[in-house]
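Accompanying notes for the structure given below.
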Amino acid sequence: MPEIYSVSSLEKVLLHKKPRVEKRGKMAKNETFSFQIAYKYNRFANDIEVKIESEISDYITYRQVEYVPCTSVNLWEGDGFCFSNESFVCPDVLRPTREGKLKSRACAYSSAWFTVKGDLPVGKHKIKITLQAQWCDPLVAEYELEVLDFVLKDKEFVYTNWFHYDGIANYYNLPVFSKKYNEIMYDFIEKAIAHGVNMLLIPMFTPPLDTRVGGERKTVQLIDVYYNDGKYSFDFDRLISFMKKVQSMGIEYFEMSHLFTQWGAKCAPKIVATVDGKKKKIFGWKNGAISTEYTEFLGELLPKLRQRLIDEGFYSKCRFHLSDEPTEKCIEDYKKAHNVFKKSMPDAFITDALSHYDFYKDGLVDVAVCSIKAIDVFLENKVENLFAYYCCAESGDYYPNRYMAYTSLRNRVIGIQFYLNNISGFLQWGYNFYNSVLSDEPIDPYMITDGGGGYQSGDAFIVYPGKNGAYDSIRHEVFYDALQDMKLFYTLEEKIGREAVEALLHKYGYEKGFRTYPHDEKSLLKVRQEAQKILCEKQ
């Protein structure tokens with residue numbers, strides 16, 4: 001028999017498992033709220049008509065949930081708190097519908113993701129959703145959404161999800177920064193901004209990230225370098241034009257790409273210049289980080305770059321990277337790179353992802369972006385303006401992450417953890433990394449979700465390449481819900497004080513750090529509801 005259910009946004013609807021039913025939810029007036037409709041027919045059905053009946057129907061949109069292979073569940077020993085401990089077909093892609101019509105698989109569950117957003121009227125709203133397949137009686141599901149009489153206050157929080165410019169060029173087979181490439185790229189950036197991203201990785205030069213030693217990634221470079229008669233000259237116009245464009249879209253901060261190679265600042269990044277009229281790679285793996293030729297190049301580049309950024313009003317919003325994830329064994333090399341950089345940019349903000357407190361203690365970074373696995377010492381020392389990050393290393397030990405094999409709760413809980421730990425910003429490395437491990441070759445993210453086996457599925461990207469831009473994922477939406485949860489508790493703090501908010505969270509099992517939190521959705525929903533209730537009473 002055909003089936004239909006209203007389902008929570010925290011549920012992952014599997015093909016052959018009946019989902020848990022949820023029929024109601026609550027949201028602030030300016031919140032974005034999601035729920036799902038799961039349905040099942042006893043044969044394939046295409047062009048399923050959708051009818052939404054509600055006084056708030058104009059605020060509701062929906063997308064088809066589609067499935068991809070989750071092949072790598074854990075790279076290291078897991079902790080048992082997973083959606084699945086074995087490879088499975090994962091609901092993740094949110095694909096726009098064709099003319100508003102859904103489809104289904106025969107004798108398997110399908111689902112659609114519904115989003116409610118806008119200046120909604122306060123009160124309880126009934127939502128009736130009817131699915132009509134050509135050969136079947138209508139399927140009807142109902143959902144009740146209550147819009148509460150308060151708004152989430154804005155919170156100064158910096159969020160960056162590294163943008164990989166070569167991924168777009170490779171997947172769509174387009175020249176970097178060509179007209180069609182730019183149209184697609186700006187849609188990807190727009191989707192990131194809509195999900196809370198307000199700091200963007202800017203490719204001054206091809207970012208030296210996730211590249212095999214001796215290998216290289218497609219050139220994505222916005223600073224034009226010229227070398228004639230033994231002298232360097234620079235054109236920053238394309239860089240500034242790009243920064244102005246993304247700023248107009250909503251980007252507030254600019255991550256200037258890494259000036260030294262990853263994991264220790266050993267070498268120079270790939271840099272291309274026009275030499276005597278011809279394009280040529282002038283720096284890369286063959287050049288040491290503090291070699292005479294590269295040091296001289298930086299000595300010419302950085303003062304001019306600094307002045308242009310000041311003139312354009314960008315400098316105070318720029319965050320400069322030296323080397324990503326340097327280890328304690330590389331601290332001396334990092335110090336040398338730091339000294340070279342600071343000689344030309346003494347007042348620049350240096351920020352890097354790291355796991356070792358000495359880099360911050362020794363003044364080598366201005367903003368510490370710390371792995372949640374190593375963050376306790378930073379928290380104990382009350383580091384100001386502390387950022388957090390996670391990647392493939394933050395697996396097991398109940399750390400939150402947005403791997404496909406993890407529950408949506410484990411993705412979403414980090415919003416409360418941001419609040420409890422006074423985290424000022426967050427970095428994740430894979431917005432759209434469509435390469436294999438170390439960028440040996442491009443991959444199709446619909447078929448390969450684990451970088452060819454080197455990452456947990458879902459670590460390397462959170463959006464998919466669509467027809468003319470990005471398709472969101474369930475994981476993308478749930479992480480944005482986490483950011484809204486964070487705002488909820490900061491909004492509550494304005495009414496009852498931080499001590500009272502922390503006591504409320506402790507009551508439901510949430511503790512400081514990133515490992516201790518209740519492993520059931522009811523606790524998250526209950527603490528949200530109590531916070532919402534207090535805010536309504538304090539209006």
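The values are calculated or read from the model by the stated rules, or taken from the named source; none is laboratory data. Because the structure is predicted, anything quoted here is derived from the model rather than measured. Please note: Cβ atoms are built from the backbone with ideal geometry, for glycine as well, and neighbour counts cover all protein chains shown.
Structural remarks
- Residues that are of a type outside the set (Gly, Ala, Ser) and either over 17 Å from residue 475 (Cα atoms) or not assigned by TED's automatic domain parsing to the domain that holds residue 472 (or both) within the range 434-446 comprise 435, 437, 438, 440, 441, 442, 443, 444, listed in sequence order.
- Apart from one condition, residue 87 fits all of (1) free of Cβ contacts under 8 Å to residues at least 24 places away in the same chain; (2) touching a Leu at 6+ places or on another chain (Cβ under 7 Å); the exception is (2).
- Residue that is farthest from residue 102 (Cα to Cα) [pool: residues in the range 32-61 that are in a strand (DSSP E or B) and β-branched (Val, Ile, Thr)]: 60
- In the range 439-447, the condition of being in a loop (DSSP other than H, G, I, E, B), within 15 Å of the chain's Cα centre (by Cα) and buried (at least 20 other Cβ atoms within 10 Å of the Cβ) is met by no residue.
- Of all residues in the range 62-98 being part of a loop (DSSP other than H, G, I, E, B) and among the β-branched types (Val, Ile, Thr), the one that is surrounded by the fewest Cβ atoms within 10 Å (Cβ to Cβ): 97
- Within the range 304-317, the residues that satisfy the criterion of being touching a residue at least 40 places away in the same chain (Cβ under 8 Å) and surrounded by fewer than 19 Cβ atoms within 10 Å (Cβ to Cβ) are 304, 306, 308, 312, 317.
- The number of residues in the range 453-478 that are at positive phi and part of a helix (DSSP H, G or I) comes to 0.
- Pairs linking a residue in the range 31-48 that is not assigned by TED's automatic domain parsing to the domain that holds residue 477 and at pLDDT 95 or above to a residue that is charged (D, E, K, R) and assigned to a strand (DSSP E or B), with Cβ atoms under 7 Å and 6 or more positions apart or on different chains, are 39/3; 40/3; 48/101; 48/103.
- Any hit, the range 377-395, residues being out of contact with any strand residue (DSSP E or B) (no Cβ under 8 Å at 6 or more places or on another chain), in contact (Cβ under 8 Å) with a residue 24 or more places away in the chain, assigned to a helix (DSSP H, G or I) and not assigned by TED's automatic domain parsing to the domain that holds residue 75: yes
- When the criteria are applied in full, residue 353 fails the requirement of being out of contact with any helix residue (DSSP H, G or I) (no Cβ under 9 Å at 6 or more places or on another chain), small (Gly, Ala, Ser) and in a helix (DSSP H, G or I).
- Matching option when the condition is farther than 16 Å from residue 410 by Cβ, in contact with a Leu (Cβ under 8 Å, 6 or more places away or on another chain), in the same structural domain as residue 29 (by TED's automatic domain parsing) and surrounded by 15 or more Cβ atoms within 10 Å (Cβ to Cβ), among 110, 104: 110
- Once the range 146-196 is narrowed to residues that are hydroxyl-bearing (Ser, Thr, Tyr) and crowded, with 19+ Cβ neighbours inside 10 Å, the residue that is farthest from residue 534 (Cα to Cα) is 165.
- Condition check for residue 474: under 26 Å from residue 389 (Cβ atoms), touching a Pro at 6+ places or on another chain (Cβ under 9 Å) and either of a type outside the set (Phe, Trp, Tyr) or surrounded by 14 or more Cβ atoms within 10 Å (Cβ to Cβ) (or both): yes
- Count of residues meeting criterion [under 27 Å from the mean Cα position of the chain (by Cα) and not in a strand (DSSP E or B)] in the range 3-18: 7
- Counting the residues of the range 226-238 that are in contact with a strand residue (DSSP E or B) (Cβ under 9 Å, 6 or more places away or on another chain) and either free of Cβ contacts under 8 Å to residues at least 60 places away in the same chain or not hydrophobic (A, V, I, L, M, F, W, C) (or both) gives 8.
- Scanning the range 479-533 for residues that are without any contact (Cβ under 8 Å) to a residue 12 or more places away in the chain, of a type outside the set (D, E, K, R) and not in a loop (DSSP other than H, G, I, E, B) turns up 500, 503, 506, 525.
- When we screen 201, 259 for residues that are in the same structural domain as residue 482 (by TED's automatic domain parsing), in contact with an Asp or Glu (Cβ under 6 Å, 6 or more places away or on another chain) and crowded, with 21+ Cβ neighbours inside 10 Å, the only hit is 201.
- Filter result (without any contact (Cβ under 8 Å) to a residue 60 or more places away in the chain and either part of a strand (DSSP E or B) or of a type in the set (Lys, Arg) (or both)) within the range 103-140: 103, 123, 124
- From the list 431, 419, 398, the one residue that fits, being out of contact with any Cys (no Cβ under 9 Å at 6 or more places or on another chain), on the phi > 0 side of the Ramachandran plot and touching a residue at least 60 places away in the same chain (Cβ under 8 Å), is 398.
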